[in-house]
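Take a look at the structure below.
The values are calculated or read from the model by the stated rules, or taken from the named source; none is laboratory data. Quick caveat, the model's predicted, so the values are computed rather than measured. Methodologically, a virtual Cβ is constructed for each residue, glycine included, from the backbone with ideal geometry; neighbour enumeration extends over all protein chains shown.
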Amino acid sequence: MFKKTIYSAIAISCFLLGGCSPSPVKPLPPPQDKYIQVYFNHNQARGKEYTESYRQFKRFGDDLESVLIREINSAKSSIDIAVQEFNLPHLAEAIVRKRNQGIKVRIVLENIYNPPLHQLPPNHGLAILKRNKIPLIDDREDGSKGSGLMHHKFVVIDGKKVITGSANFTTSDMHGDADNLETRGNANHIIVFESPELAKVFTEEFNYMWGDGVGGKKDSLFGVKKPARGYSLVKIGNGIVLAKFSPNSRNTPWEYTSNGFIASQLEKAENSIDIALFVFSDQEIADTLEKKHIKGVKIRALIDPGFAYRYYSEGLDLLGVALPNKCQYEEGNNPWKNPIKTVGIPSLPKGDKLHHKFAIIDNYMVITGSHNWSDAANYLNDETVLVIYNSTVAANFQREFEYLYNQAILGVTPHLAAKIRREKSKCAL
């Protein structure tokens, strides 16, 4: 047995090989780890309020944009940002101030969210960056029309800190929609790591995409053009972080892909797996979970309502049901013969999404990052998968999960059952 986050050399080997049972952790109220701090924009269990600066009202949760601005303001030499979408005006203004102080700034975006300046509203965060000539590129910088999605969400500060997680740098992903005061932003998190070693790993990924920068030799590398790499292992304080970047070539054996990497961590579970996902559509990960379920591991899963009940959702497998599409079931479909009822959708304000991509294993391990558990994330998109061995960090994620789970709608709902009956009736299945 190991005490909380105190890891010996034996413990490190034990975690990586999946042969240890950690000590139980009290879920409330968990402290923050000194070197790995986690923030959630929805969780009322923290009892924290902030006044949202755009819509001017008080709300519960962590102000994710303020956390980002705080870290940007701390920069002494460099700021590297890779994010799918950017529209936050206050964050943009903070970046411009640091650039004007002589700080080196580089930004990589997804091309879909990088329109010309004249197409942007004046107060749009990206318009502020462009007007102030902040160096930025997107995934067309390699001379192509774009890769899959440049889906990263990370910042590297001074080669010493990494800020990453599930949130894009947008009002809808952090605060809520301007035209819907009921929204509180898609349910998201960000993590601040103080680790030069981890910053080095992320800087390498950034440099592949950046190449020689704006308007250069078209030597940027996105998608599968980047070199194939395994995961990196970094010790941070009393914990361990594994980092792997996607995508993988379809010629790569599945177990060596990012989804295979996720499955290899799930296989280490001995007691419990709690999952909160935007999209869950990888069949082999679902099959891995079934094996753990058969061995007695307790599994709970929350999936965004927009994806939970689609024909390709693996949440249906866990519930033991199947939904045909055009009178055919998905290839390899595997509804569990011994299904569980602890799968469902969170109750969020209308307009908000469950945008997390995390799992908690045995109260001491967290899988997270930008990577959805999908084929596209595995084989097309630029993504991050992180595995954090740290019970303090896990306790913070556990509190977020319990907050969402306690309000969730679980099991096969009447709406889903009726949908399955209708589709089967159409096809005489």
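Can you pull out every residue in the range 268-287 that is of a type in the set (Ser, Thr, Tyr) and surrounded by fewer than 21 Cβ atoms within 10 Å (Cβ to Cβ)? Full working, then the answer.
First, the residues of the range 268-287 that are of a type in the set (Ser, Thr, Tyr): 272, 281.
If the condition is that a residue be of a type in the set (Ser, Thr, Tyr) and surrounded by fewer than 21 Cβ atoms within 10 Å (Cβ to Cβ), then 272 is the only one that fits.
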Taking only pairs six or more apart or across chains, which ones have beta-carbon atoms under 9 Å, a first residue in the range 395-424 that is touching a residue at least 24 places away in the same chain (Cβ under 8 Å) and on the phi < 0 side of the Ramachandran plot, and a second residue that is in a strand (DSSP E or B) and loosely packed, with under 15 Cβ neighbours inside 10 Å? 423/325
Select, from 261, 206, the only residue that is in contact with an Asp or Glu (Cβ under 9 Å, 6 or more places away or on another chain), at pLDDT 95 or above, aromatic (Phe, Trp, Tyr) and crowded, with 21+ Cβ neighbours inside 10 Å. 261
How about the range 376-391: which of its residues are outside any strand (DSSP E or B), more than 21 Å from residue 283 (Cβ to Cβ) and either without any contact (Cβ under 8 Å) to a residue 24 or more places away in the chain or touching an Asp or Glu at 6+ places or on another chain (Cβ under 8 Å) (or both)? 390
Residues that are assigned to a helix (DSSP H, G or I), out of contact with any strand residue (DSSP E or B) (no Cβ under 8 Å at 6 or more places or on another chain) and under 16 Å from residue 145 (Cα atoms), drawn from the range 207-227: 224, 225
Of everything in the range 306-333, what is buried (at least 17 other Cβ atoms within 10 Å of the Cβ) and either farther than 17 Å from residue 415 by Cβ or within 20 Å of the chain's Cα centre (by Cα) (or both)? Give them in sequence order. 307, 308, 312, 313, 314, 315, 317, 318, 330, 333
From the residues in the range 376-400 that are over 12 Å from the mean Cα position of the chain (by Cα) and among the polar types (S, T, N, Q), which one is nearest to residue 62 (Cα to Cα)? 396
Spans of helices (runs of 4 or more DSSP H) in the range 247-313 with at least 2 residues under 14 Å from residue 377 (Cα atoms): 258-266, 283-294
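Scanning for something closer than 19 Å to residue 159 by Cβ and either surrounded by fewer than 21 Cβ atoms within 10 Å (Cβ to Cβ) or in contact (Cβ under 8 Å) with a residue 60 or more places away in the chain (or both), does the range 46-67 turn up at least one residue?
Scanning the range 46-67, I find no residue that is closer than 19 Å to residue 159 by Cβ and either surrounded by fewer than 21 Cβ atoms within 10 Å (Cβ to Cβ) or in contact (Cβ under 8 Å) with a residue 60 or more places away in the chain (or both), so the answer is no.
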Within the range 109-141, which residues are within 18 Å of residue 77 (Cα to Cα) and touching a residue at least 60 places away in the same chain (Cβ under 8 Å)? 135, 136
